[in-house]
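A.B. asks: Questions regarding the structure given below will be posed in turn.
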Amino acid sequence: MARSKLRNEKGSAILITLVIIGLVSLLGVMAINTSVSETELSFNQIHSDKAFYVAQSGARRAFAELCEDTSWTTGYSDVSYSNGLYSVQVIDSTTDSSLIDTVILRSTGEYNGAHSTVELWVVPGVFHPFEHAMFGKSLVDIRNSFVTDSYNSDSGTYAATSLVEAGDVGSNGNIIVKNGAFIGGDVVSSLLGGTSVNPGATVTGTISDTAPEQDIPDVPQSEFDWAETVNDASTGLSGSYSYNPASGTLLSTGTVTLTSGVYYFSDITLKNSASLELAPGADVTIYITGDIELKNSSEMNTTGDSGDLIIYSQGDFILKNSGDVAAVFYSSNGTADLRNSGEFYGSIVADEIICHNSANFHYDRNLGNIERDGNGDLEMVAFREI
């Protein structure tokens, strides 16, 4: 009886041992399978990551190509890169009319069977040219009780919104402030040693010669050519004036009024006490290849906001003896000369700006919102994997 019981116990022990061995073996197989799966997943992830980086490289190369030649639409096909391949498709308004000025660079990368597709969205670069009361690319010369301050035409009248700040003066070159001049804002230059403020002058803000250099691109000739083709001068002028369509000259001895539109002139001269005004509610953009001269007590847009009259010029702006103006003036190679008790509401960008003798400059802070295309530069505005 005892021997039989012993044999049964031995048999049970063997069975239990076999079961344990089986379970351990099963766990080992499962562990090996899991390890293999994880290795395969890791291997696939590495390949996917590399495909993504290959696609990204293709997109960035295409962006560099597009910056060199904005008309480039060729793209790339199966270009070898880092043991992978990328192909890039250029999608613009010629293939998708909804894009207007946006270009999509769609790049597909391949690495050892793995694929990744990314998109880079590109638009023309923009800049805000009128962020200062006055910006002179080469020089700003302010003397003799000249005053700057600011207001906001979007929020109310000058009297209601004026501040003794934000009437900033900037330059990539020299800024001279002397003889009782009062700058209600900053004086900043990107030229080391470029700011010269006489002890008799007052600057309420920062004086600095370490500001970043500002890009002041020329208005493209193509834009002037376009303005000439759509010129509203033949139908948009009324009042007392002389206009020569052949030469593009405009002269007024009284009051000339402009309706909304785009105007193209070679020169504008306002004689003593003459006035150039805008029709009520009008928005006017003037392109002028020569000079604007306002003689004694003449005026420009005295009843409208400064942003209603934008002037892009290839010449100079001359304001003499008590002339009042509300406008925006941009001439990257021209001179703005403001003298003798004139009042200017708006903003000026020019190569050189000369301001003497008790003239007052009131910067319209709302003008900082105006955008223009950059100097052919492009900007990346979005990047995604699809």
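The values are calculated or read from the model by the stated rules, or taken from the named source; none is laboratory data. Since the model is a prediction, treat every value here as computed from it, not as a measurement. A quick note on method: Cβ atoms are made from the backbone with ideal geometry, for glycine too, and the neighbour counts reach across all protein chains shown.
A.B. asks: Scan the strands (runs of 3 or more DSSP E) fully inside region 109-216 and keep the ones with 1 or more residues being touching a residue at least 12 places away in the same chain (Cβ under 8 Å), of a type outside the set (D, E, K, R) and closer than 30 Å to ALA55 by Cα.
C.D. replies: So the answer is 114-127.
A.B. asks: Taking ARG106, is it buried (at least 17 other Cβ atoms within 10 Å of the Cβ) and part of a strand (DSSP E or B)?
C.D. replies: Spelling it out, ARG106 is indeed buried (at least 17 other Cβ atoms within 10 Å of the Cβ) and part of a strand (DSSP E or B).
A.B. asks: Something else about it: Condition check: buried (at least 16 other Cβ atoms within 10 Å of the Cβ) and of a type in the set (Asp, Glu). Does ASP168 satisfy that?
C.D. replies: Taking the combined requirement at face value, the residue satisfies it.
A.B. asks: Here is a follow-up. So, in region 109-135, of the ones that are under 28 Å from SER57 (Cβ atoms) and of a type in the set (Phe, Trp, Tyr), which residue ends up surrounded by the most Cβ atoms within 10 Å (Cβ to Cβ)?
C.D. replies: TYR111
A.B. asks: So, in region 278-302, exactly how many residues are closer than 12 Å to ASP324 by Cβ and within 30 Å of the chain's Cα centre (by Cα)?
C.D. replies: Of the residues in that region, 3 qualify.
A.B. asks: For region 156-180, enumerate the residues that are of a type in the set (S, T, N, Q) and modelled with pLDDT of 95 or more.
C.D. replies: THR161, SER162, SER171, ASN172, ASN174
A.B. asks: Counting only residues that are of a type in the set (D, E, K, R) and under 16 Å from GLN56 (Cα atoms), how many does region 363-386 have?
C.D. replies: 2
A.B. asks: Of all residues in region 291-327, which are of a type in the set (D, E, K, R), closer than 25 Å to ASP154 by Cβ and not in a helix (DSSP H, G or I)?
C.D. replies: Result: GLU299, ASP305, ASP324.
A.B. asks: Here are some residues: ALA201, ALA227. Which one is surrounded by 18 or more Cβ atoms within 10 Å (Cβ to Cβ) and either outside the structural domain of ASP351 (by TED's automatic domain parsing) or within 23 Å of ASN172 (Cβ to Cβ) (or both)?
C.D. replies: The conditions single out ALA201.
A.B. asks: Considering only region 240-287, how many residues are of a type in the set (S, T, N, Q) and not in a strand (DSSP E or B)?
C.D. replies: 8
A.B. asks: Follow-up question, since we're still on this one. Hey, can you tell me all the residues within region 136-182 that are of a type in the set (S, T, N, Q), more than 23 Å from the chain's Cα centre (by Cα) and under 13 Å from SER196 (Cα atoms)?
C.D. replies: ASN174, ASN179, listed by residue number.
A.B. asks: If I ask for residues that are under 23 Å from SER57 (Cβ atoms) and of a type in the set (Val, Ile, Thr), which ones from region 81-94 would you list?
C.D. replies: Those that are under 23 Å from SER57 (Cβ atoms) and of a type in the set (Val, Ile, Thr): VAL88, VAL90, ILE91.
A.B. asks: Out of (1) surrounded by 14 or more Cβ atoms within 10 Å (Cβ to Cβ); (2) under 18 Å from the mean Cα position of the chain (by Cα); (3) of a type in the set (D, E, K, R), the odd one out for ASP101 is which?
C.D. replies: Result: ASP101 passes all but (1).
A.B. asks: Any idea how many residues of region 66-82 are under 19 Å from THR117 (Cα atoms) and among the acidic types (Asp, Glu)?
C.D. replies: So the answer is 1.
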